[in-house]
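Peer 1: Structure incoming, see below.
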Amino acid sequence: MKKAKVEDNEMRAEYRREDLGPLVRGKYAARYAKATNIVVIDPALAKAFPNSETVNDALRALLAVATKATGLTSRSSARATKRRTA
């Protein structure tokens, strides 16, 4: 079996372009954007947080402080506030 030449970049004779369907530019772009979560931080912050682990630790600590400060818990609901007012 012979190897194909590098300059032989044509489609085989048995294939026709029409048989392959329409070309769609960016067909999966929306799905990819939805599945990824990339955040770009300021260069000055990048020096303080050299990797994603330190960023995540800092954000978790900030979330814990904010949750304690507001008194919100995962079990807080509107029903609890109705009981207090009644």
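Peer 1: Would you mind finding the one in Glu53, Glu7, Glu18 that is charged (D, E, K, R) and modelled with pLDDT under 80? Step through it out loud before you land on a result.
Peer 2: Details: Glu53 fails: modelled with pLDDT under 80; Glu18 fails: modelled with pLDDT under 80.
None of the others qualify; the one that does is Glu7.
Peer 1: Does Ala58 satisfy the criteria of being surrounded by 10 or more Cβ atoms within 10 Å (Cβ to Cβ), modelled with pLDDT of 75 or more and out of contact with any Cys (no Cβ under 8 Å at 6 or more places or on another chain)? Walk me through it before giving the result.
Peer 2: Working: surrounded by 10 or more Cβ atoms within 10 Å (Cβ to Cβ): yes; modelled with pLDDT of 75 or more: yes; out of contact with any Cys (no Cβ under 8 Å at 6 or more places or on another chain): yes.
Yes: the conditions hold for Ala58.
Peer 1: Right, next: Would you confirm whether or not the stretch 22-36 contains a residue that is under 24 Å from Ala61 (Cα atoms) and part of a loop (DSSP other than H, G, I, E, B)?
Peer 2: To start, the set of residues in the stretch 22-36 that are under 24 Å from Ala61 (Cα atoms) comprises 36.
When the remaining residues are screened for being part of a loop (DSSP other than H, G, I, E, B), the result is 36.
Yes; the residues of the stretch 22-36 include at least one that is under 24 Å from Ala61 (Cα atoms) and part of a loop (DSSP other than H, G, I, E, B).
The values are calculated or read from the model by the stated rules, or taken from the named source; none is laboratory data. Remember, it's a predicted structure, so these values are computed and weren't measured experimentally. Glycine gets a Cβ as well: all are built from the backbone with ideal geometry, and neighbour counts include every protein chain shown.
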